Structures are given as C-alpha cells and as structure tokens.
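Only the coordinates and a few stated rules stand behind these numbers; no lab work does. These figures come from a predicted structure and were not determined experimentally. Positions of Cβ are generated from backbone atoms using ideal geometry, with glycine treated the same way; all protein chains shown enter the neighbour counts.
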Amino acid sequence: MALPRRTVAYAGCGAALAFMVYQLTTQTSLLPLFRQVCADLSVNDMQGAVISASFLVVYACMQIPAGVLIDRFGSDIIVPVCCLAVGGGALLFAGAQSLTGALVARMLMGIAAAFAFPSIGMAARRALPASMFPLMMGIADVGLGLGGVIGNLGAARLEPLLGWRGTMQACAVVAVPLAFIAWWLLPRTWFGPAPSIRHSSQPGGGLRSVLASREVRLAAIIYGGGCGTMFGFGSLWGNHYAMAWDESAANASAISTAFFVGLGLGAPLTGWLGGKLGPERPLKWGLWLSLIMLVVRLKPRLLIAPDLPRIITPPVWFDCVNVALIGIGVAATVLAFEIGCRGLPARLTGTTVGVINLAGVGCGALLQVLPGIVPQLMNHTPFVEVQYANLFFVAALVVALVAFLRLPRSVVSRS
C-alpha cells in the first residue's frame, strides 16, 4: 500500500536530517579524543589542529560542487552513498598510523559530509509545502548543534571503554543502518534528479544562474554574518571575553552554553515565523536583536572601565540571558536560505544552498582567526584586547544588516 504523500515527504526530509546529524557527530567526536589521537600518532598540537581543520576546509570547498551534484543526480542515491563514505572515512581514521593517513581520512569525511546541507534544502523544497521550507532549514540548524552535542558527549563516554580507535570504529558502524534507512526513505520518484538538470546541454548553466542572482549574493552575505558570529563569538571569542571578565571557568561555560541554547530555540522559531509571515520581518528583527544585545554586552564595559573589569559586575544570569538573546537573533539568519532560493526554480535548490552555506562556513572559519590579530597589534591588558577583538562580530552583523537593507525594494517593502 502506497504511503500518503505527506508521510513520504516528512520521512525523506527526516532521513536527510539524520545524515547531517550523523556527519556532525562523527566530525566533532575528535574534540574529546584530541589528546589521545595526538599522543598515539606522535603529532604535536599544531599538527593535531591541522588534522581537525582539514575536515572543515574540504567541507567548505565542496559546498558548491555538492549542491550542483545534488541538483543534477538527486539525493536518493547520493545521501546513502555519502553516509557510507563518512563511515568509511571514520574507519580509515581509526586505522591511521601517521599524520598523512589521518589527514586523508578526515578529508574523505569532509568531502562526503559536504552533501548534507544541500540535500536537506533540496528535499525540503521538492517535497514540502513552500511555507515549510524556512522551518525545515531552521530545524537543520538545530541538527548542527545536536550532532555536536552527541559527538562530544558520546565520544567522551566511549573513549574510556573502547579507546579513541574503537570510538571511531563505533561511529563507522552506525553508517551502515543509517545508509539503508536513507535509501529506503528517499524514493527516486520524489528525490531523484530533475530531468531538466540531468539532461541539460549546459551543465554549468545552473550555477551561473544562481551566482547571477542578486538575492543569492545578498543572502550569502547575511548568512555569512550570522555564521561568523556563531562560530567566532559563540564557539570561541565569547568564551574568551567571559574569562577575561574574571568569570570562573564554570560560569564562562554556562554563558557560552546559553548562546547555543538561544541558537537552538531561535532557529526553529524564526523558521516557523518565516513560513507564516515571510522571511523578511523575522530576519530583520533577528539582526537588530543580535546587534543590539552584542553592543549591550560589549560597549558599556569598553567605555566605563576597560582596565578595571570588576567595577561593574553584572550577575551571571544577566550575561546568560544577554548571550541567549544574541543566539536567538543570530539564528534568524537561517532565513537567508529562503530569500536566496525563492527567486529560483526548485531544481536549483541544492546549488543555491551550497553557495549560501559556503559563505557561512567560510566566514565562520575566518572569524575564528581574524580577531586573534588584535592581541598581536595591541599592547594592552588581555581584557581590553579581547574586548576589541569581539568588535569583529559587531562589524559582521552590521554588514549582514546592510546586505538585508540592500535586498530589492519589492522584497524589503514587505518587511
């Protein structure tokens, strides 16, 4: 008996989402294993960092090719194959005996994992009602955080029992049933290639059309500002700022966690609002909210007493609420996918998502590194240096807001 159309649609999107959670879990499982891996492979911390970063570099470079291939060949075959490839990379990594072997394994994982986000966008736009697309992309952002949590906590629990190699082998085993489930839940009738793409005599035409769209370019800038703040402020420099404010390690961790709680709540909330009200208003509200709350966090301390951080010390709960609101606002930039995809045919969704996600990942990596220039240029206390370093994220959100305001007047007027 044939399943109802809506059931097939939700099941297929769920399978694509499960693949994304799995690849994030496998990627981030290295973090709690880092010391053991470095010691076993006889590499120093810098070489270990290169092993870790090799995944993200290849993942970013593959975003556009992955989007083009998803549009051309469909996600029904690509997602199960990539799931097995991520597992294969984890298995190779578990057997690595040298720096080179570890790099090759992580790069293979990055190549296969790059198909996750475009496949969700393609599945959601092909199978779900148009109003559900922003919500699905918001849920995909939640899946990023979920994969990170599972990877960190799961690997930390398994390592004492299995060792780091056994932990990575366990990650690899999960790929087999997950690939079968994805193959079963992504029928070719629904999630196969679009004939107009597959048989096109100009295979690069789709990418050219995407890059020629002004809305796609502006959406990429908007999402870049949001991802840059998420990866840079949320994952690194916000924590440095809390520590420089003389917070304890436990309080600094709680403040950083509050950011990701806000991000997890904000992504589906703004996605749902984007489906109900259109993406422009929630996106504008989110950009202003995150920018104002970030200025509230930085500016008073920068002006009142930059050298004496203990003159005014707000309670920890205030800082937690503050950064949670920044996270909620940043989460709204996921609506950039709806803005970028809306003016293009559904058959180009994978390519469009790949282009926008490339901007996000690239800015995220850049804004983890760029603020580190400030301490090299300033000769001041670490507290003041970290304050000024965090102004990079104010600039990133201002650029995203300017890009939003430069959207075609017919679009912005609806907000």
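Put a dot 7 Å past the Cα of residue 176, heading toward its Cβ, do the same for residue 265, and the two dots end up 4.2 nm apart. Summarised in one figure, the compactness ratio Rg/Rh of the range 5-198, Cα atoms and Kirkwood Rh, is 1.00.
Given R₀ = 41 Å, what would the calculated FRET efficiency be for residue 211 paired with residue 161, taking r from the Cβ atoms and rounding to 0.05? Each step should come with its number before you reach the end.
Numbers: r = 49 Å, r/R0 = 1.18.
After rounding, the FRET efficiency stands at 0.25.
With the simple model of a label 7 Å out from the Cα in the direction of the Cβ, residue 104 to residue 277 spans 5.3 nm.
Classify the range 1-117 as rounded, prolate or oblate, taking a ≥ b ≥ c as the square roots of the eigenvalues of its Cα gyration tensor: rounded when a/c is under 1.5, otherwise prolate if a/b is larger than b/c and oblate if not. Note, shape of the range 1-117 comes out prolate.
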